[in-house]
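These notes concern the structure reproduced below.
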RNA sequence: GCCCGGGUGGCGGAAUGGCAGACGCUGAGGACUUAAAAUCCUCCGGGGAUUUUUCCUCAUGUGGGUUCGACUCCCACCCCGGGCACCA
């Protein structure tokens with residue numbers, strides 16, 4: 001930003017008045033002026049009103065950290081354009097903003113600077129607020145939310161208690177991901193790149209066993225999957241797919257294998273999607289962390305050899321990315337299990353590729369029909385009996401037992417026909433799966449079952465800057481929920497934050513020591529705080545009723561505003577935030593707070609802003625500060641460029657050179673209107689108001705000159721109404737803001753081409769044209785548009801004005817250019833009055849010298865005619 | 001490995017079966033100016049023909065296909081980005 005010191009510098013141009021750009025466009029002055037007017041007129045404040053059509057548009061709430069840069073602004077700019085457009089379209093728009101204000105960075109900063117996390121948070125929120133206001137976004141600031149406000153997080157606690165009552169919150173000891181830098185537990189989803197902390201991408205995550213609080217997201221697995229259907233068409237396909245994969249539904253069967261030879265050991269339960277291949281199982285393989293492993297090794301002849309290997313497997317860090325390529329390793333436990341179908345004894349192994357977290361932590365190995373098992377079997381010399389053959393390859397006979405003459409090399413994993421499978425031989429795979437599962441259930445050693453990859457949501461964090469979990473532990477009464485009337489359980493004001501050892505709350509006696517709500521005796525408070533994804537799982541409901549102190553929100557208000565009509569945010573939240581929000585919504589529905597199934601009807605994921613080919617971020621040091629931007633060019637130029645440089649869903653490469661183009665364009669528009677403002681000021685202009693019905697808005701467009709219009713006037717009116725038609729489309733249906741801006745630029749160029757307008761264009765036509773330019777820009781560059789609107793002689797602010805309706809009669813072309821092709825190649829163009837008949841155009845084409853010589857000596861065998869557009873003559 | 005995106009001038013991008021490269025940036029030239037900036041105008045994919053006007057031809061990652069006509073639809077492949085991944 002610094003090296004631009006030519007006198008074309010907009011800052012000089014702006015502050016120096018007419019110098020620099022040669023126009024009086026001074027964004028610093030007009031932007032502040034209009035922001036103040038909007039605030040004074042309370043333009044963006046809205047209330048639930050069932051008599052009005054509502055539109056709830058929401059951008060994901062930011063985590064206020066560091067400097068706000070143009071990467072942040074893209075999200076809000078897109079949202080603001082849509083919000084303002086919908087306002088102009090007469091919708092009652094809810095467009096709120098708030099702060100994801102709890103979280104680790106605040107606490108880490110506090111540790112580093114020996115301050116309180118609140119100070120860091122306050123400072124950052126202050127900066128973010130200032131920048132968002134500086135950009136003129138149309139938020140209803142009365143609804144602002146800070147998630148670290150006790151009046152907000154008390155409802156996190158309230159929800160937690162409700163979930164506890166419903167059995168959706170529970171405590172269990174579990175292996176957790178522990179980040180040594182954060183000194184806290186991470187959710188599985190916060191472990192990225194196969195074993196690294198999501199905040200410290202260079203820090204390997206360890207595992208520890210701790211008592212944790214969980215929310216039972218798995219109880220809703222089927223609904224979370226099923227209701228994705230409701231989102232089709234409204235959410236990006238890939239987000240739906242990512243959610244689907246994350247939930248990971250898998251239909252199969254669980255089967256119990258009895259352990260042979262040793263008494264008192266419970267059977268080993270495996271999960272398989274291919275129970276039909278069970279006659280081909282040549283081993284059971286357990287996860288290294290499977291609870292039965294030690295029991296099996298006890299007294300086993302293989303124990304001495306096995307134990308060191310087991311120890312090694314258990315400690316190997318779980319780097320998932322290596323997992324996929326890692327050599328499959330295993331060892332024999334010295335024990336055998338009985339295949340309940342074949343009664344065969346098969347060896348029990350332990351394998352490093354079997355995951356305790358998925359299924360039952362144990363599998364049956366079927367080397368002939370599974371890739372991994374095949375690989376494993378090859379390495380350790382396990383047999384590979386074939387039990388399924390392709391349907392095309394007719395089974396020789398219902399052979400009983402015995403492997404085929406030659407072992408197969410590759411595993412056959414497709415469906416086919418069962419062979420060598422006892423009474424199930426000869427069945428098609430689908431039938432075999434159904435019959436064998438039924439058989440297992442009938443005999444009591446198994447059943448068909450559906451499992452999910454989705455796991456319960458671990459919400460415990462051993463940190464200070466989050467929502468305290470509202471339970472106490474009493475020696476007499478055990479775990480006791482804090483009664484609603486005692487909420488919120490507030491954070492102690494002066495914690496000792498060291499970043500080491502136990503959690504800060506545990507180290508604060510005045511917080512920990514309390515009395516039992518049941519017996520009044522001494523008790524200890526829970527010292528874990530909640531994952532901040534809890535805060536963001538329902539904040540958009542609070543916006544509908546932000547100051548309610550009786551309930552998280554009023555159901556009637558939520559019913560009016562919900563579902564969110566348009567949610568906008570980064571693809572980075574495609575899984576976690578959205579999945580948790582969907583879960584929360586379903587829980588609230590089951591509690592009777594709301595009636596809908598899904599919180600957001602439409603989701604838009606905008607692309608990232610990059611500089612130098614990488615995503616703009618503070619840590620990469622390639623940010624373009626939003627405030628610097630506003631100071632140099634003004635907010636409107638920043639907004640316009642962000643919209644113009646790329647379509648909103650694609651990544652945007654920031655270019656200091658290109659932005660000059662947006663700045664120049666706005667100046668060009670300003671000069672144009674400045675030049676004609678005086679002459680048109682007294683003329684009657686547009687009258688369409690936001691609250692008017694569509695028919696009146698249409699009439700609001702003056703029909704100034706259908707009689708006696710000059711050629712210039714016709715050209716201008718046609719161009720402006722054609723532009724309006726296409727821009728309206730780009731805004732409403734496609735969100736192609738970049739091409740909408742291109743169209744307005746083209747229009748501006750066309751107006752300039754007709755200068756001097758005084759010569760042959762009456763003031764009322766000039767006014768119509770300039771007003772439409774202004775209105776089309778209004779959602780994108782609202783400050784400039786207000787200023788221009790005022791210059792054009794309007795007393796009422798633009799916020800009272802409706803989006804204009806285009807006039808079909810004015811947009812229609814009188815003369816069109818027909819493209820003439822011969823055999824599909826363009827050979828000429830003919831200008832004709834609109835609506836000219838095909839035959840006529842063919843005649844003209846045949847005598848057109850440029851076209852005629854392509855037809856010479858040939859016969860026209862076919863004609864394709866697109867009225868007012870194209871004629872294709874096929875010749876032979 | 002599987003699943004999504006995407007590949008168009010020097011650059012960002014436009015064109016949802018009908019003139020490929022709109023619009024903007026960069027660059028070149030011109031006007032204005034004592035000069036510079038700003039502003040305004042013109043040109044700007046490759047090759048070829050032509051004295052100019054102009055005409056032909058190739059070109060949207062590669063190779064096929066459908067069609068009167070393909071950046072657009074279909075098939076195969078290559079490359080780039082993202083997601084998932086011993087999921088039993």
- So, of the residues in the stretch A:450-476 that are touching a helix residue (DSSP H, G or I) at 6+ places or on another chain (Cβ under 9 Å) and surrounded by fewer than 16 Cβ atoms within 10 Å (Cβ to Cβ), which turns out to be farthest from residue A:177 (Cα to Cα)? A:450
- Task: Could you tell me whether the stretch A:600-619 includes any residue that is closer than 20 Å to residue A:68 by Cα, in a helix (DSSP H, G or I) and within 14 Å of RNA strand B (Cβ to nearest atom)?
- Result: no
- Item | Number of positions in the stretch A:232-264 that are more than 9 Å from RNA strand B (Cβ to nearest atom), under 21 Å from residue A:583 (Cβ atoms) and assigned to a loop (DSSP other than H, G, I, E, B) | 1
- So which helices (runs of 4 or more DSSP H) stay within the stretch A:629-703 end to end and still have 2 or more residues that are touching a residue at least 12 places away in the same chain (Cβ under 8 Å) and surrounded by fewer than 17 Cβ atoms within 10 Å (Cβ to Cβ)? A:658-680, A:694-699
- Among the residues of the stretch A:329-348, is there at least one that is more than 47 Å from the chain's Cα centre (by Cα), over 18 Å from residue A:257 (Cα atoms) and at pLDDT 85 or above? no
- Give the residue that is nearest to RNA strand B (Cβ to nearest atom), with candidates limited to residues of the stretch A:534-587 that are free of Cβ contacts under 8 Å to residues at least 60 places away in the same chain and crowded, with 22+ Cβ neighbours inside 10 Å. A:581
- Query: Which ones in the stretch A:123-154 are more than 19 Å from residue A:57 (Cα to Cα), part of a helix (DSSP H, G or I) and in contact with a strand residue (DSSP E or B) (Cβ under 9 Å, 6 or more places away or on another chain)?
  - Reply: A:124, A:125, A:128, A:131, A:152, A:153
- Item | Count - residues of the stretch A:528-576 that are assigned to a loop (DSSP other than H, G, I, E, B) and in contact with a helix residue (DSSP H, G or I) (Cβ under 6 Å, 6 or more places away or on another chain) | 11
- Does at least one position in the stretch A:654-667 carry a residue that is more than 26 Å from residue A:808 (Cβ to Cβ), over 40 Å from the mean Cα position of the chain (by Cα) and more than 9 Å from RNA strand B (Cβ to nearest atom)? no
- So which residues in the stretch A:830-862 are surrounded by 14 or more Cβ atoms within 10 Å (Cβ to Cβ) and within 9 Å of RNA strand B (Cβ to nearest atom), if there are any at all? A:851, A:854
- strands (runs of 3 or more DSSP E) wholly inside the stretch A:329-374 that include at least 1 residues being within 7 Å of RNA strand B (Cβ to nearest atom): A:362-365
- Considering every residue within the stretch A:750-764, establish whether at least one is away from RNA strand B (no atom under 12 Å from the Cβ) and part of a helix (DSSP H, G or I). yes
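The values are calculated or read from the model by the stated rules, or taken from the named source; none is laboratory data. From a predicted model like this one, the values you see are computed outputs, not experimental measurements. Neighbour counts are summed over all protein chains in view; Cβ atoms, including those assigned to glycine, are modelled from backbone coordinates with ideal geometry.
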